[in-house]
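Below you'll find the structure, written out as structure tokens, and then a few comments.
The values are calculated or read from the model by the stated rules, or taken from the named source; none is laboratory data. Values in this document were obtained by computation on a predicted structure and should not be read as measured data. As a convention, Cβ positions derive from the backbone with ideal geometry for all residues, glycine included, and neighbour counts pool all protein chains shown. What goes into the accessible areas is simple: the full protein's heavy atoms, side chains included, and nothing from ligands, DNA or RNA. Shrake-Rupley method; radii C 1.70, N 1.55, O 1.52, S 1.80 Å.
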Amino acid sequence: MANAGIKDTARPVEAAAVMRLLPARPRLLALGEPAHGEEALLEVRNELFRQLVEQEGYRTIAIESDCLAGLVVDDYVTSGTGTLDEVMEHGFSHPDLGLGASAANRELVRWMRAHNDGRPASERLRFAGFDGPLEITHAASPRQPLTALHDYLSARVDTGLLPCTAETLDRLLGADDRWTEPAAMMDPARSVGQSAEAKELRTLAEDLVSLLDEHAPHLLAANSRDDWERACLYGRTATGLLSYHYWMADTSPARMNRLLGVRDRLMARNLLALAARGPALVHAQNAHLQREKSTMRMWQGPVEWWSAGALVSARLGEEYAFLATALGTIRHQGVDTPPPDTVEGLLYALPEDRCVVDASRLATALGGNRPAPRVSPWFGYASLDPAHLPAIDGVVFVKDVPDRR
């Protein structure tokens, strides 16, 4: 019976159980979530991260939040800069998802700061956002990362090597509200991304990043690696934002495919930079972390793109691992007991409230009787696609999300 085989694969959601699913400790362990804004899922993430820190030597957590805002959180957890209230207000993006207001996120930051207190730099935990400065309605101005990169270089290399002055950047950037125009998401004509100034900025950004790479030996020898890595982050973000704005202004049928692809490419580049620093737990929506091609239906029709997880997996191989999370019920959103002929329904029949299941053994237990995909009545919950099981290392299952009604 499939249920008996599935029961044999279920284990508690613990670091040791997760590691037994994998051939070796991955450099990036990705934990997906099928719905944003559910505290129960963030609590599972927090507990797993604590265990990975204490038992497996993980030192970094990266979440689906603005990579630049995340620097505020990292400064706080590593050195105590600012207050917890200030960090929660300014260190997280996506206010529509309530990241900064989340009690679980606040507890994560508080715990990381307490853990780091009095420890040497080599043992401190690090926090990172790995998303771009992008919201549902708009993208940020490239001013912050572009000027920060220029400031870093102008203080450390011969100014004659710089492709422009700070005044030139300021003139080309213009007013920030030109870049953050919300109407541009639906109307490409409202975007400045393909203006003459934006095109010149793309060239200058590439030249600044090239200068950063060319002078890496001097910059690393004369200054801290953290400063250099932060400058690299500014470079990735500036070029990524300018590319995103370019495609915001595009009128071809490829527009949304490219926008989603550019976003996940920036995510992937940030994750690869974190992987170079040491093992990290990554937390984001399943679709950003899966190895399969991501798809979505939008107002103009279906779109598809390669997710950050797919891009990173292609580069890291077995040093990237992906755990997809699936849910039983979210009753306050109208998601009730899953049908018994779905993956979620089969997992719901297990006695455990929370468990992790070996995806390959789950697929074997199902045999040739592939379950039907679950149809969610709420757009905010993305059910687990049974066809993706072969490309998943493990499935974390949470039976019932606490009812918030």
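Quick grid of which residues meet (1) of a type in the set (Asp, Glu); (2) at pLDDT below 95:
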{"position": "Thr60", "(1), (2)": "no, no"}
{"position": "Asp75", "(1), (2)": "yes, no"}
{"position": "Gly80", "(1), (2)": "no, no"}
{"position": "Pro95", "(1), (2)": "no, yes"}
{"position": "Ala101", "(1), (2)": "no, no"}
{"position": "Glu107", "(1), (2)": "yes, no"}
{"position": "Ala139", "(1), (2)": "no, no"}
Options Arg50, Arg20, Arg11, Arg27: the member that is out of contact with any Pro (no Cβ under 8 Å at 6 or more places or on another chain), open to solvent by 20 Å² or more (accessible area, probe 1.4 Å) and over 24 Å from Leu347 (Cβ atoms): Arg50
The stretch 338-354 - residue that is of a type in the set (Asp, Glu) and either crowded, with 19+ Cβ neighbours inside 10 Å or within 9 Å of Lys399 (Cα to Cα) (or both) and, of those, farthest from the chain's Cα centre (by Cα): Glu352
Any chance Val312 is touching a Phe, Trp or Tyr at 6+ places or on another chain (Cβ under 9 Å), touching a residue at least 60 places away in the same chain (Cβ under 8 Å), open to solvent by less than 10 Å² (accessible area, probe 1.4 Å) and in a helix (DSSP H, G or I): yes
Residue check, Leu220 aliphatic (A, V, I, L, M) and touching a residue at least 12 places away in the same chain (Cβ under 8 Å): no
Filtered residue count, the stretch 210-255, keeping only those that are basic (Lys, Arg) and within 19 Å of Ser65 (Cα to Cα): 2
Residue within the stretch 80-90 that is out of contact with any helix residue (DSSP H, G or I) (no Cβ under 8 Å at 6 or more places or on another chain) and open to solvent by less than 50 Å² (accessible area, probe 1.4 Å) present: no
Residue match in the stretch 122-134 (condition: among the basic types (Lys, Arg) and in contact with a strand residue (DSSP E or B) (Cβ under 6 Å, 6 or more places away or on another chain)): yes
Pairs with Cβ under 9 Å, 6+ apart, first in the stretch 392-405 and within 12 Å of Pro12 (Cβ to Cβ), second of a type in the set (Lys, Arg): Val396/Arg354; Phe397/Arg354
Residue ranges of helices (runs of 4 or more DSSP H) in the stretch 1-101 with at least 2 members free of Cβ contacts under 8 Å to residues at least 24 places away in the same chain and within 30 Å of Pro145 (Cβ to Cβ): 70-79, 84-90
Residue check, Gly261 farther than 27 Å from Leu125 by Cα and open to solvent by less than 30 Å² (accessible area, probe 1.4 Å): yes
Residue list for the stretch 73-120, restricted to those being hydroxyl-bearing (Ser, Thr, Tyr) and under 22 Å from Ala280 (Cα atoms): Tyr76, Thr78, Ser79, Ser93, Ser102
Residues located in the stretch 148-187, provided they are under 23 Å from Gly70 (Cβ atoms) and either without any contact (Cβ under 8 Å) to a residue 24 or more places away in the chain or in contact with a strand residue (DSSP E or B) (Cβ under 8 Å, 6 or more places away or on another chain) (or both): Asp151, Trp179, Thr180
Which listed residue, of Val303, Val375, Val357, Val335, is buried (at least 23 other Cβ atoms within 10 Å of the Cβ) and hydrophobic (A, V, I, L, M, F, W, C): Val357
Ser252 being closer than 13 Å to Ala205 by Cβ and open to solvent by 10 Å² or more (accessible area, probe 1.4 Å): no
Count of the stretch 302-338 residues which are modelled with pLDDT under 95 and aliphatic (A, V, I, L, M): 1
Restricting the stretch 238-257 to residues that are out of contact with any Gly (no Cβ under 9 Å at 6 or more places or on another chain) and touching a residue at least 40 places away in the same chain (Cβ under 8 Å), the residue that is farthest from Lys293 (Cα to Cα): Ala238
Filter result (part of a helix (DSSP H, G or I), more than 18 Å from Leu266 (Cβ to Cβ) and either open to solvent by 70 Å² or more (accessible area, probe 1.4 Å) or touching a helix residue (DSSP H, G or I) at 6+ places or on another chain (Cβ under 7 Å) (or both)) within the stretch 113-153: Arg113, Asn116, Ala121, Ser122, Glu123, Thr147, His150, Asp151, Tyr152, Leu153
Which numbered condition Gly98 fails, given (1) more than 22 Å from Arg202 (Cα to Cα); (2) open to solvent by 50 Å² or more (accessible area, probe 1.4 Å): (2)
